[in-house]
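Heads up: the structure comes next, in structure tokens.
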Amino acid sequence: MELRSVEELMDLLHAGRHRHALRTAALLRRGRPADKELQLAGLVRGIGPVLCPGDEAAGAGSAAEAVRSLLGERVSRLVRADAGPADDDVLRLRQAEEEGRTAAFDAGVLEDWRTVLELVAAGRCRLGAVD
């Protein structure tokens, strides 16, 4: 599956475990406020279980492929989290996911992330047009 719009992605996010995804993204925003791609990777990993129920490994791969053309290669790589142990961004993402499982705070609502998703997606579109 390849997502073609932020609206399609928002539908999948609403169907998934978005409370955990929201906490993960919020924790990443606190730690790396300028790194929107890292934050979005934390948010969109939550669509994996929707795409492949019961298979976490396949879900991460499916989610990565689904967002690649919309949000870019880096977000896709982070969603897959297949980088080696030396990749600080993957480690940050994993730490935020783990902390997000136990953290109890209001991380807002999915609609809070729509603008960031649209900005990153629009940046990909502009880059694609130049290629």
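The values are calculated or read from the model by the stated rules, or taken from the named source; none is laboratory data. Only a predicted model underlies this, so the values are computations on that prediction, with no experimental measurement involved. Positions of Cβ are generated from backbone atoms using ideal geometry, with glycine treated the same way; all protein chains shown enter the neighbour counts. These accessible areas exclude ligands, DNA and RNA; they are computed on the full protein's heavy atoms, side chains included. Shrake-Rupley method; radii C 1.70, N 1.55, O 1.52, S 1.80 Å.
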Can we say Gly100 is within 23 Å of Ala15 (Cβ to Cβ) and not in a helix (DSSP H, G or I)? no
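Would you check if Gly48 is free of Cβ contacts under 8 Å to residues at least 40 places away in the same chain, in a helix (DSSP H, G or I) and either of a type outside the set (D, E, K, R) or open to solvent by less than 50 Å² (accessible area, probe 1.4 Å) (or both)? Step through it out loud before you land on a result.
Values: free of Cβ contacts under 8 Å to residues at least 40 places away in the same chain: yes; in a helix (DSSP H, G or I): yes; either of a type outside the set (D, E, K, R) or open to solvent by less than 50 Å² (accessible area, probe 1.4 Å) (or both): yes.
In short, yes.
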Cβ pairs under 6 Å, 6+ apart or interchain, first in segment 52-75 and touching a residue at least 60 places away in the same chain (Cβ under 8 Å) and crowded, with 16+ Cβ neighbours inside 10 Å, second hydroxyl-bearing (Ser, Thr, Tyr) and outside any loop (DSSP other than H, G, I, E, B), ordered by first then second residue, are Val67/Ser76; Arg68/Ser76
Can you tell me which residue among Arg17, Arg4 is at pLDDT below 95 and under 16 Å from Ala121 (Cα atoms)? Arg4
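I want to confirm something. Restricting to segment 23-40 and keeping residues that are more than 19 Å from Thr102 (Cα to Cα) and of a type in the set (A, V, I, L, M), which single residue is most open to solvent (accessible area, probe 1.4 Å)?
Looking at residues that are more than 19 Å from Thr102 (Cα to Cα) and of a type in the set (A, V, I, L, M), I get Ala34.
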Hey, can you tell me all the residues within segment 90-125 that are of a type in the set (D, E, K, R) and either over 14 Å from the mean Cα position of the chain (by Cα) or open to solvent by 30 Å² or more (accessible area, probe 1.4 Å) (or both)? Arg92, Arg94, Glu98, Glu99, Arg101, Asp106, Glu111, Asp112, Arg114, Glu118, Arg124
